[in-house]
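Any read-out appearing in this document is the output of simple, stated calculations on the displayed coordinates, not a laboratory observation. Bear in mind that the values here come from a model prediction, so they are computed numbers and not experimental data. Backbone-built Cβ (ideal geometry, glycine too); neighbour counts: all protein chains shown.
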Amino acid sequence: MAWDFSTEPEFQEQLDWMRDFVREEIWPIETVFEELGQEGFERAIAPLREQVKERGLWAAHLPPDLGGQGFGQVKLGLMHEILGTSVFAPPVFGNAAPDSGNSEILAMAGTQDQKDQYLYPLLNGDLRSAFSMTEPESAGSDPTLLQTRAELQGDEWVINGHKWFSSNASVADFLIVMAVTDPDAQTYQRASMIIVPADTPGVTIVRDIATMEHPYEHYGRIGGHSEILYEDVRVPQEALLGARGAGFLIAQQRLGPGRIHHCMRWLGVSKRAFDMLCEYSLTRYAFGSKLAEKQTVQNWIAESAAQMQAARLMTLHAAWKMDKEGASAARQEIALIKFFGAGVMHDVIDRALQIHGSLGYSTDLPLEAMYRFARGARLYDGPDEVHRQSVARRILRGYDAPEDGVPSEHIPTRREAARERFAHLLDAVTSND
Ligand SMILES: Cc1cc2nc3c(=O)[nH]c(=O)nc-3n(C[C@H](O)[C@H](O)[C@H](O)COP(=O)(O)OP(=O)(O)OC[C@H]3O[C@@H](n4cnc5c(N)ncnc54)[C@H](O)[C@@H]3O)c2cc1C
């Protein structure tokens, strides 16, 4: 029987290196990112990327034949827990969303030409991509309502639609667009994915939407979420990514691993906030003692530690199941951690912010930014409610309503049955009286 929570020593060594590297080399960039700007940032991380490549840690989400390390989800999860501590770490390791997920789609469904043209340059960091599915006019939670259309006219797809929240689109070289190609097909076979170069006539990046995470409008920055108009956009027939009508299927396969990586990154964010909580509790003095001595604060520390441990084990278990049985088999586990992990991150950051009082609310600490970041996690890749619904539906498949409508644990009913079963013993007890 294998039931092992240990990490092999060689990989532990890599994790230790990553932990130091991220803290020493990447965290400092956070404080000067605005001054560096996008170009300065690229220059700052170029030598760091080389070090990551030398350590054999670049693009670790892909198999070796595609230039990755083929780590599998458990190792990747452990790695993302470290990278998640800074939004600037994943780009240094060649596995930042949405490029990592898009490279997985291209690896899984792309033709050789598409791999040559898009996948390998994407992996090299020479191209950037976006995933363009959500629309302002239809509920993103229910992708069967998608309105963007792609019609095959001659040997070209003609795309018309309105998207938003396509992350990184304003800096992307190409967009993977989800569009309805077969409106009369079965519900989940109507949409397809199509690769659209960002400079194709008819593609208008309207704006990068100011959000809770980035409240001021910026254009053309990594991390922006773009609104896009597709107006009679023409791309060749060969731009179809995967089979016609397989859009939802491919999206599901992409989102499974992507969600685990998000959840692990969130653990990294939570741990950083937790460390701040603990440190400050030992620093601040009020009402006769350090905050660490107040029972409320002790409760926060214990509660946060328990929640993080639970989320970590659930996430690693989901990763392990994916490695053993594939993304499809782990759907329930992935849905569980998606909403649970987002909630844990939110709660831990909230407590860390609270203990710091006005300092926590200020931009002198990263907590307020973490808090804004955490709020989005309850929405992207499916809102909490949809994952809860999916988990509950799957669980309920294992249950039936009792035919007679009486709860199966109803004690009077069970007692009656037990009295019949043990009648001989009960009779003996009565006759002994
Ligand atoms: C930071 C961020 C980055 C994103 N990046 C991308 C990207 O790169 N590409 C992309 O295509 N999209 C992206 N999105 C969009 C994201 O995937 C959608 O916001 C998400 O799928 C929800 O869709 P919606 O916003 O249309 O909300 P809706 O589907 O309209 O849902 C609104 C609310 O309704 C409630 N709700 C929905 N269904 C149910 C239900 N069954 N039961 C109970 N309540 C329900 C939920 O509370 C939900 O929040 C991003 C979003 C964010 C916030």
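In table form, for the structure just shown:
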| quantity | calculated |
| --- | --- |
| Relative contact order (percent, whole number), the chain, Cα cutoff 8 Å, 6+ residue spacing | 13 |
| Charged-residue dipole, Cβ positions (Lys, Arg, Asp, Glu), the stretch 18-106 about Cα centre, Debye nearest 20 | 320 |
| GNM flexibility winner over the chain from GLY140, GLY398, GLY94 (Cα, springs under 10 Å) | GLY398 |
| For PHE88, PHE373, order by how many other beta-carbon atoms lie within 10 Å, fewest first | PHE373, PHE88 |
| The stretch 315-433, dipole about Cα centre (Lys/Arg Cβ +1, Asp/Glu Cβ -1), debye to the nearest 20 | 400 |
| Nearest-ten-degree value, helix 423-432 long axis tilted from longest Cα axis of the chain | 30 |
| Helix 331-355 vs. the chain, principal-axis angle (Cα, 0 to 90°, nearest 10) | 90 |
| Choice from ARG378, ARG414, ARG312 with maximal GNM fluctuation in the chain (Cα, 10 Å cutoff) | ARG414 |
| Computed P(r) (all Cα pairs; the stretch 333-433; 5 Å bins; percent) | 2, 10, 12, 10, 8, 8, 8, 7, 6, 6, 6, 6, 4, 3, 2, 1, 0 |
| Likely footprinting exposure, PHE93, PHE21, fewest C-beta neighbours within 10 Å first | PHE21, PHE93 |
| Assigned charges on the beta-carbon of Lys, Arg, Asp, Glu; the chain dipole about Cα centre (debye) | 900 |
| Neighbour net charge for TRP58 - beta-carbon separation under 12 angstrom, K R +1, D E -1 | +1 |
| Exceeding the 29 Å Cα-Cα cut-off - candidates LYS53/LYS163; LYS115/LYS324; LYS271/LYS294; LYS115/LYS271 | LYS53/LYS163; LYS115/LYS271 |
| Computed over the stretch 157-268, Kirkwood Rh from alpha-carbon pairs, angstrom | 15.3 |
| Cleavage-rule hits (GluC sites (Glu not before Pro)) in the stretch 360-433: DSSP loop, at most 16 neighbouring Cβ within 10 angstrom | GLU403, GLU409 |
| Signed unit charges on C-beta, dipole axis of the chain, positive-most listed residue MET308, HIS214, ALA243 | MET308 |
| Choice from ALA239, ALA417, ALA273 with maximal GNM fluctuation in the chain (Cα, 10 Å cutoff) | ALA417 |
| Relative contact order of the stretch 276-433, defined on C-alpha pairs under 8 angstrom at six or more residues apart (%) | 18 |
| 3J(HN,Hα) from dihedral phi, the stretch 312-324, Karplus parametrisation 6.51/-1.76/1.60, rounded to Hz, x for glycine, proline | 5, 5, 5, 5, 5, 5, 4, 5, 4, 5, 4, 4, 7 |
| Base-10 log of normalised Debye intensity for the chain (one unit scatterer per alpha-carbon) at q = 0.06, 0.09 Å⁻¹ | -0.31, -0.64 |
| Rounded to whole Hz, the Karplus (6.51, -1.76, 1.60) HN-Hα couplings of the stretch 404-410, x for glycine and proline | 8, x, 8, x, 5, 9, 4 |
| The chain - mean residue ellipticity at 222 nm from DSSP helices (-39,500 (n - 2.57) per run, n ≥ 4, rounded to 500) | -15500 deg cm²/dmol |
| Footprinting exposure proxy for SER328, SER6, SER226 (fewest neighbouring C-beta atoms within 10 Å first) | SER6, SER328, SER226 |
| Under-5 Å amide H pairs with PHE131, H placed in peptide plane, nonlocal only | SER167, ILE176 |
| Degrees, to the nearest 10: 99-109 long Cα axis against longest axis of the chain | 90 |
| Value of relative contact order over the stretch 41-82, rounded to a whole percent, pairs C-alpha under 8 Å and six or more apart | 22 |
